[in-house]
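The values are calculated or read from the model by the stated rules, or taken from the named source; none is laboratory data. Since we're looking at a predicted model, the values are computed, not measured. Positions of Cβ are generated from backbone atoms using ideal geometry, with glycine treated the same way; all protein chains shown enter the neighbour counts. Remember, those area values only see protein heavy atoms, side chains included, never the ligands or the DNA or RNA. Shrake-Rupley method; radii C 1.70, N 1.55, O 1.52, S 1.80 Å.
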Amino acid sequence: MDLFKINKSFNLILVFYFVLLPFVFFSSILDTFLLARQLLTTVFLFSIISLLLVKNKQIPLFTLDKTVLLFLGFIVFCLFSFSKSQILDLSHAAVSKYLIFLLFFMVIRHLIMSDLIEEKSIKSYVILFGFISVIIALLAFTNKTINGQNLFRQVNVMSGTFGNKNFLSSILFFCLPFYFIGISMSKKIKAVSFVAIVFTILLLLMLRTRVVLIALSIYLLLVVLLQIRSKVPKKIFNWSLVLVITALITGVFYLLSIKDIFHSSADIKTQYFYRLLSSDTLYARIEYWQQALYIIKDNFFSGIGVGNWIATYPKYGLNHFSDTAIVNGRLIVSNPHNDFLMVLSEIGIFGFLCYLGIFISILYQANWLSKNEVKSSERRNASYFLFFIVCYLIIAFFDFPLTRIEHQIILLIVFAIINAKYLKANSTKGFKLPSRLFYLFSFVLLLYSMTIALYRIDGEKHLLKALAAEKRTDNTTAIFEFNKAENAFFSTDTYAIPLDWHLGKAHYNEGNFEESLKYYSNAYKVNPYCLVVNNDLASTYIKNGRVAHGIRHYKEALTISPNYEDARINLAATYYNTEDYEKAFETIDKCDSNSKNESYKQFLTPIVEKKLNETLLNLNNPKLNNYLKSKIKTENDLLTLYFDYKRNNTIFDKYIQSLIN
């Protein structure tokens, strides 16, 4: 087969992949996009590598330069971190993605270096992908408008086919450098690129993802400076740069100084700037980062196990979180919203240095190309990619694009183009990997990745059915589907809550308390830091007459989150039922008096009544007894007395005694 036909085959596979990428999803699983696109990418790599093997046997050795070796080092330290993983199937899920990323980078780079596909063809396919993504976003906004909603309101529900608003914003931005490169390509691509740039900027302004808007502003500024740099004297350019930076800093400080005048409003402009300048999500991220730093301090060298942040972060306490949903286990944070802290906390310092080294290596190569490429257009294109990587690092510092397939695919295309051009320009030799060894290595890894993906897809499919049955309290169906969902590579739901917890809950609702205890105990072995697991295990121990074990697990939950209301109220109720009224009061007295927990007042009333009776007995004051008898006629009167005591911030006995003084 001649080279033209081989190139045509590679082009067909690539264009097919990029056209399918924004459309592929599985509606029958919980995360409709992630596993579907991992599977698509695995099949794509199988196809490309098989074509290389069958149709193009006489290929040069695969080059293992410093960038690839750093990538391999990152993978190796991910594997080492398995020894620290609390939940192994989460580690398998993460590594199966990272291996796909490594192979994708190596294969695309090899295709470029071997002239099996033209660089401009790959760029045009990314432009096509980006243009499709823009159309999908525009259709979503159009549908929103048709339904009577303002363009700038309720944008949080906008996701296109990328999971959520932030992922949609970032994927639109990631395609931007390819559009700028496309302007200097053929007329059709130039027209598509120009339209895509305009609509991408408009969409990003409407989506209002702040870190992406910051990255967009920086990127556009750098592009403008690049364009004018060669057209004005150096002195004027430097002064202009100083003025622009000064203006930007002044503008930022001005916006921060006036942000308090904006508030939630029916006025579109006021509401837009209120949401844009709100600090709430930043403060939340700072709390996530603080949690990651606790983990890093304790696991600096080894990490906690790749993919295990979600399961392990409660171990380091939830008391400093301001969000009561996190404190009470109703909201589970999947990652620290910072790719670098996630990598460092999960796989340790050595894996982190490899990960950071990949970016440093590519930044160096992009900078070298921007200065040393022969053609000015190629130097400009290298600069576009250089600016993009800088902006990617900004986004990755506040978000988690590392977890998404399509985002990493775009990044790795940029990496592959830069790395291939740099190696060719410098005739870099590096280490050489025999092609047969590479094929064997690739097929083994692809088989592993596909196995993980298929097992997890099957697990999520049954999990979705099980959760639906659980919601409608169809315990028989729920038990059947949860059992079907669990497999060697899928033991928890998407929040790292063990499937055995769900099974324990279903059996408990059916009145099978001994069976429930078995499953809750298994769930605890899988994830001992999960609040609901500890709370429900404790309740089931109590139900089975093992009170001491129940109290121990309530206390364990409260060690993780001292303000966890369910466990505190349940512990207080347990003390009350075992006639330890003093401990019952001490326990429930630590609850927030404004608690919305349905069980709070139910248990508070009898506990306060017992405490009040004991206090009056100890004080032995008939006058006080008569006074309270006249004041407390109903349960509401008793609770009013208690809440008055809480507002006075004193000791209960002293407060009661002071009522007649």
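Of note:
- The set of residues in segment 522-549 that are open to solvent by 40 Å² or more (accessible area, probe 1.4 Å), outside any loop (DSSP other than H, G, I, E, B), out of contact with any Cys (no Cβ under 9 Å at 6 or more places or on another chain) and of a type outside the set (A, V, I, L, M) comprises Asn522, Lys525, Lys543, His549.
- Just one of the listed residues (Phe237, Phe253, Phe174, Phe178) is modelled with pLDDT under 95 and closer than 20 Å to Phe387 by Cα, namely Phe237.
- Scope segment 409-456; condition touching a residue at least 60 places away in the same chain (Cβ under 8 Å), part of a helix (DSSP H, G or I), more than 30 Å from Phe489 (Cα to Cα) and of a type in the set (A, V, I, L, M, F, W, C); matching residues: Val414, Phe415, Ala416, Ile417, Ala420, Leu423
- Residue list for segment 488-507, restricted to those being surrounded by 24 or more Cβ atoms within 10 Å (Cβ to Cβ) and part of a loop (DSSP other than H, G, I, E, B): Ala496
Residue-by-condition table, conditions (1) small (Gly, Ala, Ser); (2) under 30 Å from the mean Cα position of the chain (by Cα); (3) open to solvent by less than 10 Å² (accessible area, probe 1.4 Å):
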position: Ile108; (1), (2), (3): no, yes, yes
position: Ser114; (1), (2), (3): yes, no, no
position: Leu128; (1), (2), (3): no, yes, no
position: Ser133; (1), (2), (3): yes, yes, yes
position: Ile136; (1), (2), (3): no, yes, no
position: Ala140; (1), (2), (3): yes, yes, no
position: Ile146; (1), (2), (3): no, no, no
position: Val155; (1), (2), (3): no, yes, yes
position: Thr161; (1), (2), (3): no, yes, no
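- Segment 301-321, residues that are modelled with pLDDT of 95 or more and either of a type in the set (Ser, Thr, Tyr) or over 25 Å from Phe489 (Cα atoms) (or both): Phe301, Ser302, Thr312, Tyr313, Tyr316, Gly317, Leu318, Phe321
- Of Asp592, Asp580, all but one fail to be modelled with pLDDT under 95 and within 29 Å of Val327 (Cα to Cα); the exception is Asp592.
Residue-by-condition table, conditions (1) open to solvent by less than 50 Å² (accessible area, probe 1.4 Å); (2) within 16 Å of Ile29 (Cα to Cα):
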{"residue": "Val444", "(1), (2)": "no, no"}
{"residue": "Ala453", "(1), (2)": "yes, yes"}
{"residue": "Gly459", "(1), (2)": "yes, yes"}
{"residue": "His462", "(1), (2)": "yes, yes"}
{"residue": "Ala466", "(1), (2)": "yes, yes"}
{"residue": "Arg472", "(1), (2)": "no, no"}
{"residue": "Phe480", "(1), (2)": "no, no"}
{"residue": "Lys484", "(1), (2)": "no, yes"}
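- Of all residues in segment 216-247 being among the β-branched types (Val, Ile, Thr) and in contact with a helix residue (DSSP H, G or I) (Cβ under 8 Å, 6 or more places away or on another chain), the one that is nearest to Asn381 (Cα to Cα): Val223
- Hits in segment 508-521 - residues which are open to solvent by less than 50 Å² (accessible area, probe 1.4 Å) and either in a helix (DSSP H, G or I) or in contact with a helix residue (DSSP H, G or I) (Cβ under 9 Å, 6 or more places away or on another chain) (or both): Ser516, Leu517, Tyr519, Tyr520, Ser521
- Residue list for segment 59-104, restricted to those being open to solvent by 50 Å² or more (accessible area, probe 1.4 Å), outside any helix (DSSP H, G or I) and modelled with pLDDT of 95 or more: Gln86
- Consider segment 145-198 and keep the residues that are touching a residue at least 12 places away in the same chain (Cβ under 8 Å) and polar (S, T, N, Q). The one that is farthest from Ile214 (Cα to Cα) is Ser184.
- Qualifying residue in segment 355-363 (condition: farther than 24 Å from Phe174 by Cβ and either open to solvent by 30 Å² or more (accessible area, probe 1.4 Å) or assigned to a helix (DSSP H, G or I) (or both)): no
- Only one of the numbered conditions (1) open to solvent by 10 Å² or more (accessible area, probe 1.4 Å); (2) within 20 Å of the chain's Cα centre (by Cα); (3) within 30 Å of Ala468 (Cα to Cα); (4) not polar (S, T, N, Q) is violated by Ala36, and that is (1).
- Considering segment 429-442, the residues that are of a type outside the set (A, V, I, L, M) and out of contact with any strand residue (DSSP E or B) (no Cβ under 7 Å at 6 or more places or on another chain) include one that is most open to solvent (accessible area, probe 1.4 Å), namely Arg436.
- Within segment 297-309, the set of residues being surrounded by fewer than 20 Cβ atoms within 10 Å (Cβ to Cβ) and either in a helix (DSSP H, G or I) or among the polar types (S, T, N, Q) (or both) comprises Lys297, Asp298, Ser302.
- If you go through segment 333-353 and keep only what is touching a residue at least 24 places away in the same chain (Cβ under 8 Å), crowded, with 21+ Cβ neighbours inside 10 Å, in a helix (DSSP H, G or I) and not small (Gly, Ala, Ser), you end up with Asp339, Leu341, Met342, Val343, Leu344, Glu346, Ile347.
- When segment 14-30 is filtered for residues that are more than 25 Å from Lys465 (Cα to Cα), surrounded by fewer than 18 Cβ atoms within 10 Å (Cβ to Cβ) and either of a type outside the set (Val, Ile, Thr) or without any contact (Cβ under 8 Å) to a residue 12 or more places away in the chain (or both), the ones remaining, listed by number, are Phe16, Leu20.
- Residue count for segment 319-361, restricted to those that are under 30 Å from Ala567 (Cα atoms) and not β-branched (Val, Ile, Thr): 17.
- Residue in segment 613-628 that is within 30 Å of Gly317 (Cα to Cα) and either of a type in the set (S, T, N, Q) or touching a helix residue (DSSP H, G or I) at 6+ places or on another chain (Cβ under 9 Å) (or both) present: no
- Extreme residue, nearest to Leu45 (Cα to Cα), among residues of segment 404-423 that are of a type in the set (D, E, K, R) and open to solvent by 10 Å² or more (accessible area, probe 1.4 Å): Arg404
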